[in-house]
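Taking it in order: structure first as structure tokens, then the write-up.
The values are calculated or read from the model by the stated rules, or taken from the named source; none is laboratory data. If you're wondering where the values come from, they're calculated on a predicted model, not measured in any experiment. We place every Cβ from the backbone using ideal geometry, glycine too, and count neighbours over all the protein chains shown. Keep in mind that these areas ignore ligands, DNA and RNA; they rest on the heavy atoms of the full protein, side chains included. Shrake-Rupley method; radii C 1.70, N 1.55, O 1.52, S 1.80 Å.
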Amino acid sequence: MSTITTEELAETTLLRFATAGSVDDGKSTLVGRLLHDSKSVLTDQLEAVERVSASRGQEAPDLALLTDGLRAEREQGITIDVAYRYFATPRRRFILADTPGHVQYTRNMVTGASTAELTVILIDARNGVVEQTRRHAALAALLRVPHVVLAVNKMDLVGYEEKVFAAIAEEFTAYATELGVPEVTAIPISALVGDNVVEPSANMDWYGGPTVLEHLETVPVSHDLSHCHARLPVQYVIRPQGPDHPDYRGYAGQIAAGSFHVGDSVTVLPSGRASKISGIDLLGEPVDVAWTTQSVTLLLEDDIDISRGDLIVPSKDAPATTQDIEATVCHVADAPLTVGHRVLLKHGTRTVKAIVKDIPSRLTLDDLSLHPHPGQLVANDIGRVKIRTAEPLPVDSYADSRRTGSFILIDPNDGQTLTAGMVGESFAAPEPVKDESEDDGWDF
Amino acid sequence: MTTVATVSEETGSPYALSHLDALESEAVHIFREVAGEFERPVILFSGGKDSIVMLHLALKAFRPASVPFSLLHVDTGHNFPEVLDYRDRTVEKHGLRLHVASVQDYIDRGVLKERPDGTRNPLQTLPLTEKIQAEKFDAVFGGGRRDEEKARAKERVFSLRDEFSQWDPRRQRPELWNLYNGRHAPGEHVRVFPLSNWTELDVWQYIAREGIELPQIYYAHEREVFSRSGMWLTAGEWGGPKDGETVEKRLVRYRTVGDMSCTGAVDSDADTIEKVIVEIAASRLTERGATRADDKMSEAAMEDRKREGYF
């Protein structure tokens with residue numbers, strides 16, 4: 001208790017990550033172990049788990065009870081929804097999207113992975129790479145999660161054999177690389193015993209890599225912004241009515257990608273009007289430069305018409321606007337998505353009317369095969385969709401920008417979120433080089 | 001003009017935000033989304049540290065303009081006087097409008113009945129939900145954090161409530177990227193939780209960094225308390241102590257602020273923010289486990305109350 005110093009409580013970085021694993025791969029145990037060994041489970045929580053476990057006649061505390069928060073989940077002993085967990089080490093703060101492993105909850109993994117910088121895919125060392133593993137890898141590739149960790153669990157049940165681990169790691173890495181996953185880190189673990197989760201394992205001296213926690217603590221969380229297209233979706237126009245700021249007119253938003261500098265020439269989409277950045281306010285303080293994901297307010301030299309839903313971009317790097325979007329989607333609602341469906345599309349801060357023009361294919365995650373013209377997409381389906389919007393939108397490819405290349409479809413009747421959409425090609429595999437002259441700027 | 005483009009030794013990159021900056025930016029984004037999409041938003045403001053941090057973030061989000069939201073306090077009638085005083089000073093300082101939903105008023109009118117245990121926390125739901133309906137609030141900001149309790153760990157940032165303010169965990173909308181869906185029918189409203197991803201320690205670190213003033217009861221002070229169910233409760237007109245409970249003077253502070261009848265103090269000599277942060281970081285008890293009697297009632301106490309419309 002006395003070991004905590006104020007230096008250790010300095011500001012650190014934040015890593016958002018998600019877990020994926022089949023029902024019996026030991027995901028809850030891994031999550032429980034990470035929380036427990038990083039001292040994020042507190043006495044009263046543990047006591048509550050012990051109390052409930054004992055009342056059910058279980059001898060050892062069931063760590064899954066730490067993460068199953070809803071009555072129905074505890075009754076059925078399954079996880080039915082994404083839950084968010086929080087823990088910290090002196091080096092980093094973590095937000096864990098704890099997603100259920102059941103195949104029918106693809107939408108939950110998509111939800112968790114949409115904000116994750118890293119995903120941990122669990123494998124049972126006895127079973128090796130199975131269908132479910134390939135599904136998880138495909139989803140990580142589809143959502144373009146920058147870092148993937150393969151945790152080969154239950155090493156204690158295969159005699160801590162290096163060759164078992166090596167064969168699984170090789171098979172998985174080959175498959176993931178083919179999908180375009182940029183980085184795979186394979187770690188042999190036993191979540192139950194605690195090998196290589198937080199503490200290095202004494203049982204696997206052949207392994208020289210990091211533990212799961214060490215890797216989580218050191219994986220880079222920011223990207224090289226020089227190659228990013230700068231994008232600011234305008235959320236709200238700030239116009240103080242008071243006498244102190246009679247002429248202040250600021251465009252508030254969270255920078256979705258890249259960076260903006262005072263003096264930059266910018267264009268406002270979809271109108272196409274141009275101006276220059278005369279100032280940037282970072283929550284009330286003027287700054288010279290601001291970058292993703294800061295929430296800022298831009299001030300422009302010219303008094304032009306800008307409102308919520310517009311996108312401010314560098315004039316030299318503006319996406320074309322379009323009313324025809326082709327995307328890969330994951331359908332998340334119980335009611336199906338059909339051709340002719342009238343929907344609302346939310347992209348950045350803009351919501352427009354749209355219509356589903358075509359569903360060219362449905363993807364089977366197991367073998368990545370495409371089924372042409374399925375007619376509809378039902379809950380948890382992934383497919384290609386063509387959408388016509390009522391107004392032109394400046395969309396990026398999801399491969400270029402997870403923020404400005406993504407959208408959701410909303411049911412205009414009951415407001416339900418129907419579908420998660422990613423603009424452009426499905427997988428991050430290298431694409432054939434295209435002739436620039438054939439490129440109309442958006443249709444990949 | 002200042003610049004913040006400093007390379008942090010800790011993060012190793014000029015473009016990685018610190019965890020507090022990342023959480024702040026996300027919360028501000030949420031406030032601005034609500035301002036852009038809703039007609040009549042309101043911030044639940046209790047004078048507790050989470051709602052104080054919420055208001056601070058809202059003030060930063062719209063600078064140099066003023067906050068485009070009013071405040072709503074559910075007054076249990078058993079509030080700490082220091083907290084009510086803080087509430088009123090804050091409202092005045094920022095020129096805000098305060099709505100009050102009064103539990104005492106409902107009891108006086110005979111609509112609600114005092115519980116045998118004297119706890120008024122569960123009685124807040126009806127005054128809150130009726131006020132939301134009467135004022136036609138369509139977005140209600142709450143300071144709830146997912147780290148507080150495991151039913152809250154399942155909560156969305158934008159959480160749709162029906163016309164009875166009910167939460168149905170099975171009918172929640174998936175939340176993808178930062179594309180929050182605020183659609184709702186007339187009579188429905190959305191509860192919005194900008195501090196969803198903050199932990200208790202984040203809140204305290206942020207309070208320290210921003211120099212935010214809090215009600216004094218958050219810091220160690222001598223107070224007349226008595227012990228009930230393993231918690232130190234403040235003696236007062238709300239009905240404690242009962243026979244057999246003896247009052248003593250102890251050095252204590254509060255980790256949460258709520259109704260006096262069910263919010264316990266903890267023994268502490270942390271009388272500065274630095275000491276509070278070290279104490280929280282070393283504590284082996286959660287905030288609610290240490291100080292909230294009502295959450296100990298059953299395994300699903302929070303889930304059940306949330307379903308009914310509690311914050």
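Taking the Kirkwood radius as the inverse of the mean 1/r across Cα pairs, report the Rg/Rh of the range A:232-317. Don't jump to the answer; show the numbers that get you there.
On the way: Rg = 11.8 Å, Rh = 12.7 Å.
Using Cα coordinates only, the ratio equals 0.93.
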| Just how far, in whole angstrom, is the range A:312-331 from the range A:166-237 if you go by their alpha carbon centroids? | 30 Å
| request: Determine the principal axes of the Cα atoms in the range B:107-260, then give the extent along each, sorted from largest to smallest and rounded to whole angstroms. | output: 52, 46, 27
| remark: Given the candidates B:VAL192, B:PRO169, B:LEU179, the one whose Cα lies deepest towards the positive end of the charge dipole of the range B:117-199, counting +1 at each Lys or Arg C-beta and -1 at each Asp or Glu C-beta, is B:LEU179
| message | If you take every residue apart from A:ALA420 with its C-beta less than 12 Å away from the C-beta of A:ALA420, what net charge results, scoring Lys and Arg +1 and Asp and Glu -1? | response | +2
| task | For the range A:232-317, give the magnitude of the charge dipole about the Cα centre (Cβ charges: +1 Lys/Arg, -1 Asp/Glu; no others), in debye to the nearest 20. | result | 240 debye
| query | What percent do you get for the relative contact order of the range A:6-218 when only Cα pairs under 8 Å and 6+ apart count? | reply | 23 percent
| said: Output wanted: per-residue J couplings in Hz (rounded whole) for the range A:184-191, from phi through Karplus 6.51 cos²θ - 1.76 cosθ + 1.60, θ = phi - 60°, x for Gly and Pro. | reply: 10, 10, 9, 10, x, 9, 10, 5
| request: Go through the range B:174-199 and flag every residue whose accessible area shrinks by 10 Å² or more with all protein chains in place compared to the isolated chain (probe 1.4 Å). | output: B:PRO174, B:GLU175, B:LEU176, B:TRP177, B:ASN178, B:LEU179, B:TYR180, B:ASN181, B:ARG183, B:ASN197, B:THR199
| task | Give me the accessible area of A:THR173, 1.4 Å probe, in Å² rounded to the nearest 10. | result | 50 Å²
| message | Run the simple label-point estimate for A:ALA10 and B:GLU210 please: 7 Å along Cα→C-beta, distance reported in nm. | response | 2.3 nm
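If you average the sequence gap of Cα pairs under 8 Å that are 6 or more apart and divide by the length of the range A:184-338, what percent do you get for the contact order? Please report the intermediate quantities before stating the final value.
On the way: 261 pairs, mean separation 30.9, N = 155.
So the answer I get is 20 percent.
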| task | Compute the distance in nm between two label points, each set 7 Å from the Cα along the Cα-to-Cβ direction, one at A:ASP414 and one at A:HIS373. | result | 3.0 nm
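Dividing the convex hull volume of the alpha carbon atoms of the range B:217-297 by its residue count, what do you get in Å³ per residue? Walk me through the numbers on the way to the answer.
Numbers: hull volume 6.9 nm³, N = 81.
Output value, Cα hull per residue: 85 Å³.
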| Mind checking the angle between helix A:131-142 and chain A's longest principal axis? C-alpha axes, 0 to 90 degrees, to the nearest 10. | 30 degrees
| task | Extending each Cα 7 Å along its Cβ direction at A:ASP305 and A:THR43, get the distance between those two points in nm, one decimal. | result | 6.5 nm
| task | Divide, for the range A:132-210, the radius of gyration over alpha carbons by 2.2 N^0.38 Å, where N is the residue count. | result | 1.11
| lysines within cross-link reach of B:LYS242: Cα-Cα under 27 Å, excluding same-chain residues under 8 positions apart? | B:LYS113, B:LYS296
| request: Largest first and to the nearest Å, give the Cα extent of chain B along each principal axis. | output: 61, 49, 39
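Run through the range B:133-234 and list the trypsin sites (Lys or Arg not before Pro) located in a DSSP loop whose Cβ has at most 15 other Cβ atoms within 10 Å. Let's see the in-between values first.
Numbers: sites: B:LYS136, B:ARG145, B:ARG146, B:LYS150, B:ARG152, B:LYS154, B:ARG156, B:ARG161, B:ARG170, B:ARG171, B:ARG183, B:ARG191, B:ARG209, B:ARG223, B:ARG228; in loops: B:LYS136, B:ARG145, B:ARG146, B:LYS150, B:ARG156, B:ARG183.
Loop-located and lightly packed - B:LYS136.
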| field | Residues in the range A:231-248 occluded by at least 40 Å² - accessible area, probe radius 1.4 Å, against chain by itself | value | A:GLN235, A:TYR236, A:ILE238
| query | Mind checking which of B:TRP238, B:TRP177, B:TRP204 has the largest fluctuation in a GNM of chain B, springs on alpha carbons under 10 Å? | reply | B:TRP177
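Find the relative contact order for the range B:99-184 and round it to a whole percent, using C-alpha pairs within less than 8 Å whose residues are 6+ positions apart. Please list the in-between numbers first.
Numbers: 47 pairs, mean separation 15.6, N = 86.
Relative contact order here is 18 percent.
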| task | Express the accessible area of the protein assembly as shown per residue in Å², computed with a 1.4 Å probe while the remaining protein chains stay in the model. | result | 39 Å²
| message | To make sure I understand the rule: partners must be lysines, Cα under 18 Å from the Cα of B:LYS275, and not fewer than 8 residues away in the same chain. Which ones qualify? | response | B:LYS49
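In Å, what Kirkwood hydrodynamic radius results for the range A:6-218 from the alpha-carbon pair distances? If you can, show how the numbers build up before the last one.
Working: mean 1/r = 0.0572 Å⁻¹.
Result for the range A:6-218 stands at 17.5 Å.
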| remark: For A:ASP367, the accessible surface traced by a 1.4 Å probe with all protein chains present amounts, in square angstrom to the nearest 10, to 100 Å²
| What does the charge dipole of chain A about its Cα centre add up to, to the nearest 20 debye, if the Cβ of each Lys and Arg holds +1 and the Cβ of each Asp and Glu holds -1? | 1040 debye
| task | At 1.4 Å probe size, with no ligands or nucleic acids counted, give the accessible surface of A:TYR248 in Å², nearest ten. | result | 40 Å²
| task | Please list A:32-39, A:279-286, B:21-28 highest first by mean number of surrounding beta-carbon atoms within 10 Å per residue. | result | B:21-28, A:32-39, A:279-286
| message | Charges on Cβ only, +1 for Lys and Arg, -1 for Asp and Glu, centred on the Cα centroid of chain B; of B:SER261, B:LEU57, B:PRO241, which one is farthest towards the dipole's positive end? | response | B:LEU57
| message | Which one, A:ASP310, A:ASP411, A:ASP288, has the greatest fluctuation when you compute a Gaussian network model over chain A with C-alpha springs under 10 angstrom? | response | A:ASP288
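Taking each residue of B:147-157 in turn, how many C-beta atoms of other protein chains fall within 10 Å of its C-beta, and what is the average?
Values: counts 6, 0, 2, 12, 4, 3, 12, 11, 3, 4, 1.
Partner-chain Cβ atoms within 10 Å, mean over residues of B:147-157: 5.
Please report, in debye to the nearest 20, how large the charge dipole of the protein assembly as shown is about its Cα centre when each Lys and Arg carries +1 at its beta carbon and each Asp and Glu carries -1 there.
Values: 81 positive and 117 negative charges, 342 e Å.
It works out to roughly 1640 debye.
With N set to the number of residues, divide the alpha-carbon radius of gyration of chain A by 2.2 N^0.38 Å and report two decimals.
Working: Rg = 23.9 Å, N = 444, 2.2 N^0.38 = 22.3 Å.
Rounded to two decimals, the normalised Rg is 1.07.
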| task | Scan around B:SER66 for amide H atoms under 5 Å from its own, H built in the peptide plane at 1.01 Å from N, and keep only partners 5 or more places away or cross-chain. | result | A:GLN241
| query | Hey, which of these cross-link pairs are over 30 Å Cα-Cα: A:LYS39/B:LYS154; A:LYS39/A:LYS154; A:LYS39/B:LYS60; A:LYS346/B:LYS136; A:LYS163/B:LYS154; B:LYS150/B:LYS249? | reply | A:LYS39/B:LYS60; A:LYS163/B:LYS154; B:LYS150/B:LYS249
| query | What span do the alpha-carbon atoms of the protein assembly as shown cover on each of the three principal axes, reported in whole Å from largest to smallest? | reply | 85, 73, 50
| query | For chains A and B, what's the summed buried accessible area, probe 1.4 Å, to the nearest 100 square angstrom? | reply | 7300 Å²
| note | With a 1.4 angstrom probe the carbon and sulfur portion of accessible area for chain A, in percent, totals 48 percent
| message | Can you say what percent of the DSSP beta bridges in the protein assembly as shown, counting only those with both residues inside, are antiparallel? Round to 5. | response | 70 percent
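Please state, to two decimals, what the Cα-based radius of gyration of the range A:321-423 comes to when divided by 2.2 N^0.38 Å (N = residues).
Numbers: Rg = 12.6 Å, N = 103, 2.2 N^0.38 = 12.8 Å.
Taking the Cα Rg and dividing by 2.2 N^0.38 Å, one obtains 0.98.
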| said: Can you give the log10 of the normalised intensity I(q)/I(0) at q = 0.20, 0.24 Å⁻¹, computed with Debye over equal Cα scatterers of the range B:65-143? | reply: -0.99, -1.24
